[in-house]
1. Would you mind working out the magnitude of the charge dipole of the protein assembly as shown relative to its Cα centre, with +1 at each Lys and Arg C-beta and -1 at each Asp and Glu C-beta, to the nearest 20 Debye?
2. Of A:K339/A:K408; A:K460/A:K535; A:K126/B:K62; A:K142/B:K62; A:K378/A:K405; A:K405/A:K467, which ones are farther than 20 Å apart at the Cα?
3. For the pair A:N346 and B:K162, what calculated FRET efficiency results from E = 1/(1 + (r/R0)^6), where r is the Cβ-Cβ distance and R0 = 41 Å, to the nearest 0.05?
4. Cut-off is 10 Å between beta-carbons; in what order do B:I48, A:I95, A:I146 appear when sorted fewest neighbours first?
5. Kindly provide the Kirkwood hydrodynamic radius of chain A in Å, to one decimal, from all pairs of distinct alpha carbon atoms.
6. Mind sorting B:T116, B:T121 by how few other Cβ atoms lie within 10 Å of their own Cβ, fewest first?
7. What is the extension gain from A:K187 to A:A106, computed as 0.36 nm multiplied by their sequence separation minus the C-alpha to C-alpha distance, in nm to one decimal?
8. Using a cut-off of 15 Å between beta-carbons, work out the net charge of the residues near A:A289 (Lys and Arg +1, Asp and Glu -1, A:A289 not included).
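Just so you know, all these numbers are worked out from the coordinates, no wet-lab data involved. From a predicted model like this one, the values you see are computed outputs, not experimental measurements. Here the Cβ positions follow ideal geometry from the backbone for every residue, glycine too, while neighbour counts run over all protein chains shown.
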Amino acid sequence: MEATGAEIVVRCLAEEGVEFVFGYPGGAVLNIYDEIFKQNKFKHVLVRHEQAAVHAADAYARSTGRVGVALVTSGPGVTNAVTGIATAYMDSIPIVVITGQVPTPAIGLDAFQEVDTVGITRPCVKHNFLVKDVKDLATTMKKAFIIAATGRPGPVVVDVPKDVTAHLTEFVYPATVEMRSYNPVVKGHSGQLKRAVQMLLEAERPMIYAGGGVVLGDASAQLVELARLLGFPVTNTLMGLGGYPATDRQNLGMLGMHGTYEANMAMQHCDVLLAIGARFDDRVIGNPAHFAREQRRIIHVDVDPSSISKRVRVDVPIVGDVQNVLTEMLSLLKLAKEKPDTAALNSWWTQIELWRSKNCLNYNRNSPIIKPQYVVEKLWEVTKGDAYITSDVGQHQMWAAQYYKFDKPRRWINSGGLGTMGVGLPYAMGVQLAHPDAQVACITGESSIQMCIQELSTCKQYRIPIKIVTLNNRYMGMVRQWQEFFYGSRYAESYMDSLPDFVKLAEAYGHVGMRIDKPEDVEAALKEAFSPALKERLVFMDFQTDQAENVFPMVGAGKGLSEMILAEEL
Amino acid sequence: MRHIISLLMENEAGALSRVAGLFSARAYNIESLTVAPTEDATMSRMTIVTIGSEDVIEQITKQLNKLVDVIKVMDLTEGSHIERELMLVKVKAVGPGREEMKRTSDIFRGRIIDVTDATYTIELTGTGSKLDAFLEAIDPAFIIETVRTGASGIGRGERSLKV
Ligand SMILES: Cc1cc2nc3c(=O)[nH]c(=O)nc-3n(C[C@H](O)[C@H](O)[C@H](O)COP(=O)(O)OP(=O)(O)OC[C@H]3O[C@@H](n4cnc5c(N)ncnc54)[C@H](O)[C@@H]3O)c2cc1C
Ligand SMILES: Cc1ncc(C[n+]2csc(CCOP(=O)(O)OP(=O)(O)O)c2C)c(N)n1
Ligand SMILES: [Mg+2]
């Protein structure tokens, strides 16, 4: 049976088992929308801005491990989607974005709503396609899903001209497609694995530095087993949180610019570093020259060879999938005659406990003004540490990362690489739709939340009962903090004037709004928001927090990892 | 260090811009870039001449390999190889300089492929540095126009870039 291009797009999505398509219609995709109207295999979620469609698809992917799908029209639909695509790209998130394009004969003629989609998105996708012939459509869709999900995951854009969606061809969805130019390495090199294991067993001051790759590669179980077997300390990057349980003794917390004292000190002073699915980001190791001052041997496991020896030279590179490599490492370790050096490890742990005793995340718990950290701590208690937490970008993001202890992977959904303000609300939508029975909270700031606030309407339409926790400090707090520290407290344009009444705003969209001014009301508000009575409702909590609060510890830009500013030092 | 990187890629629309875009986005140098289909029309072969430290070159080859359309990458400079570039030079050829120009061209094994009363067009092939040397050997005042293809390269002996 012949099918139109539009039917083929829709049937491919059904074949892929797609549950949700987040999108927004327009001229170039009307044929596709017409086919969506006629089917019931997947649900279409109509967002209020294309950026949110991509963020929601991205969060669906982050929280489930499956490919997220967004659909937008040509021209402005695409340019609106670019922020979402770039955000997913920087954090290696598997999504497929289908974009409408002007009809093939009109391409290049400055047609109405024409943009060079493939050109505009090229630098921020894993790959993209322009489908010029309907005969290639099904294979291209298959390729898109394979490329997005395998190797180092990432966004793939499929640009479909309007005439192609009308053309007819035989529909066959291939079970798989071989690509001679695309074969990601999965298994680690056995020689390197042996060297790595040897090095781990010889270590006196070992450290495991686990990143987003552990979450993306679903290797938490293997990581936990490895760390327990060896008795080594573990730190997570911002993207790796939940990859190793936060409440476990062996976890030193997050490292990096706003990492804990103990994690950063251990990172700087270790003699053998096992980096797993982490990319030595500048927010993580600070100044590479300072990092290199201490001698250490580095084992680096990553599925993307270009992540290895990019910012820091490593001694044992292992290209492969985290799960596969860790499983191999574990079986080699179990066979090895040598055991970790217990005496050395004990004195290393003594040192680490000394660092930990600084209690670097302590804050004033007796403040008459709401401390943002307190809200996050209470949120953790009220949700029993079992919620999905999305966040926006700023101080609140760092407090969420520091004070909500993630024990499971895929629970912490945020934009690390691009640092995109505005993701929090659409992220929470994507997560809640994927996990209808789960508790989902969005920790945000009064500035960030305004960047995709229109999605409150989408939440109403689809009855998405997320809980929004706004840490309202009336400032772009993260900007204000830098201005305080590095610009002589000249707060240029970082004050958020003329804020709306968020309670009324939430109500105007048909939701529940709460304003919380006093510390003693924090817990009750959270409990109410998560109570059965409000289970079906979106609750917007506007916590009036301390304007002057800063995020500590802090490694200044360009500084070394052990050159931290701590709260007590100010 | 100067490196000559050869690669095979799918002969798809936009493939060239992926490579060019990669170099500009990551601020890598391109001295020259040449591309043409191979005997198998589904593939193109590209030769990129670039300059960078060992770390940068390592990243360049890794990033090129990462491009989904790229099938295989080889750093020719890592082993013995042959490099050739074609140059066409139009020069003034008048008076006593005319004979001199012919002689210099001969020394460099150039061929005069077009002649007028006042000009020669010379074709030269060789390594980039040989072509540079020719341009240095003649008086710049005589040069009307030059066009160079950029380097192509191939491994010596058994060394080959094949799928
Ligand atoms: C305001 C702000 C402050 C920040 N402060 C900090 C901070 O203090 N500390 C911090 O850590 N970050 C911080 N970040 C985040 C930082 O910018 C980076 O996004 C983050 O550190 C990168 O995490 P990662 O190294 O785990 O890499 P990711 O970006 O998560 O990359 C994952 C790596 O794993 C690899 N990989 C993927 N899948 C697999 C697989 N299956 N097998 C093997 N490898 C795989 C990928 O190739 C990649 O190299 C901050 C961000 C913002 C916006
Ligand atoms: C789209 C976008 N624009 C600008 C920035 C730069 N930026 C980073 S944090 C921040 C302030 C965020 O303020 P708010 O949401 O109130 O969070 P707070 O830091 O106060 O907790 C800004 C402007 C960004 N990350 N993203
Ligand atoms: Mg704020």
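1. The calculation lands at about 1080 debye.
2. Over 20 Å apart, Cα to Cα: A:K339/A:K408; A:K142/B:K62.
3. E(calc), rounded to 0.05, equals 0.15.
4. By the 10 Å Cβ count, ascending: A:I146, B:I48, A:I95.
5. One decimal place: 24.7 Å for the Kirkwood radius.
6. Starting with the residue having the fewest Cβ neighbours, the order is B:T116, B:T121.
7. Length gained, A:K187 through A:A106: 24.6 nm.
8. +1
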